[in-house]
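A short write-up of the structure that comes next.
The values are calculated or read from the model by the stated rules, or taken from the named source; none is laboratory data. Here the structure is a predicted model, which is why all the values come from computation and not from measurement. Note that we place each Cβ from the backbone using ideal geometry, even for glycine, and neighbour counts take in every protein chain shown.
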Amino acid sequence: MIQKFFILCSGADTHILETCSEGEKNKYAGIGATVFFTALMAFIAASYALYTVFDNVYSAIFFGFLWGLLIFNLDRFIVSTLKKRDHFGKELLQASPRIVLAIIIAVVISKPLEMKIFEKEINQVLLEQKNSLTLANKDQIALQYQPAIEELNTQIAALKNEVVEKERSTNALYDTYIAEAEGRQGTQLIGKGPVYKEKREKHDASLADLQALRNTNTDKIAAAEAEIDRLNTTYQLAVTNSQPIIDGFDGLMARINALSELPWFPSFFIFLLFLAIETSPILVKLLAPKGPYDLKIEEEESIVATWVAQKVNERKHILATDTALNHKIYSEIAEEEAIFAYKKQKAEELMRLQADSFHKLQVKNL
């Protein structure tokens, strides 16, 4: 039962193969088993690859099954259409397009399985990439808000410096009128004279201006700090909203790119393994000597080709004979007087009818 199933997978003609030896049946059962298990590996690989895309087991299995059927049909077609000939060069030339197709299929099958085999290493590469993307994302978003925040900080520093400068000038006026009262500077007279009062009034006016400046700049600083807090909140919100996109950066293309950053040697040998599996049925057909099955297939094809050639040749002779007979028959008919007189009579009747019809039409139009 299993042998029959694998022979069916090989695409061989079961009716012809039944007349062959057991060894010939085993050869084609082995070829069919290779085709079947290659399709099975394609199903597993495609299901995993599609799972990374859809994140849904049922969808991945469904489309993976369709992909496995496609690979099975392609491999079965490749093996069944590869015919043994008496010249190896012609066989190789015939098989070359199929070998190229087998290489493409091997690449398609091996890549998803490589991603599964090296999943931990790929996850590590993706984690590093995600971290880099997170930092780069923060820097890019910060470019939208940092200039405004820096400008506000500059304004706050200028407002604070303005208050400090006013405090310094007010303190200087304070020291001046105290020194005048103590007789250390100015008139150098101890006591609160007119000069003292003038300097004291300047200090008091400056002190009042300082207090007003403090109140005004405090309000401005508070407004600027509130704007900075708003910008920082907006910045953090933008970073938070964009982070899920970075966290989801683990799709099929991202994993293939991450796989390409790993050492190529193990990945290359996995590809060679699948290439060997995929091309093994073709290589077996190429390298194996012409067996009884191949001879019987060639005989069947020869019988059909001969039968078709006979039919074509027969139809050509029938056509030539029929043409010659028709020419002879119509030549003899053309020479008979009765046929001529009958044809002439009918032609005259037709011309009379045409003339009468034309006359009636002209009379009607008058």
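Listing for the model above:
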quantity	calculated
Test for Ile104: is it in a helix (DSSP H, G or I) and either outside the structural domain of Ser10 (by TED's automatic domain parsing) or surrounded by 15 or more Cβ atoms within 10 Å (Cβ to Cβ) (or both)	no
Residue match in the stretch 78-96 (condition: on the phi < 0 side of the Ramachandran plot, surrounded by fewer than 17 Cβ atoms within 10 Å (Cβ to Cβ), within 25 Å of the chain's Cα centre (by Cα) and not polar (S, T, N, Q))	no
Criterion violated by Lys83 - all others in (1) assigned to a helix (DSSP H, G or I); (2) touching a residue at least 60 places away in the same chain (Cβ under 8 Å) satisfied	(1)
Flag for Ile122 being buried (at least 17 other Cβ atoms within 10 Å of the Cβ) and touching a Lys or Arg at 6+ places or on another chain (Cβ under 8 Å)	yes
Qualifying residue in the stretch 302-316 (condition: within 30 Å of Ala102 (Cα to Cα) and either in contact with a Ser or Thr (Cβ under 7 Å, 6 or more places away or on another chain) or surrounded by 10 or more Cβ atoms within 10 Å (Cβ to Cβ) (or both))	yes
Among (1) touching a helix residue (DSSP H, G or I) at 6+ places or on another chain (Cβ under 9 Å); (2) in contact (Cβ under 8 Å) with a residue 24 or more places away in the chain - the single one Leu283 does not satisfy	(2)
Some residue of the stretch 293-315 being within 30 Å of Leu93 (Cα to Cα), part of a loop (DSSP other than H, G, I, E, B) and either in the same structural domain as Ser21 (by TED's automatic domain parsing) or at pLDDT below 75 (or both)	no
Condition met for Cys20 (of a type outside the set (S, T, N, Q) and part of a loop (DSSP other than H, G, I, E, B))	yes
Enumerated helices (runs of 4 or more DSSP H) restricted to the stretch 187-287, each holding at least 1 residues that are surrounded by 13 or more Cβ atoms within 10 Å (Cβ to Cβ) and touching a strand residue (DSSP E or B) at 6+ places or on another chain (Cβ under 7 Å)	none
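Residues are listed down the side, and each one gets a yes or a no for (1) at pLDDT below 80; (2) within 33 Å of the chain's Cα centre (by Cα); (3) surrounded by 19 or more Cβ atoms within 10 Å (Cβ to Cβ):
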{"position": "Ser21", "(1), (2), (3)": "yes, no, no"}
{"position": "Ala39", "(1), (2), (3)": "no, yes, yes"}
{"position": "Ala46", "(1), (2), (3)": "yes, yes, yes"}
{"position": "Ala49", "(1), (2), (3)": "yes, yes, yes"}
{"position": "Ser59", "(1), (2), (3)": "no, yes, no"}
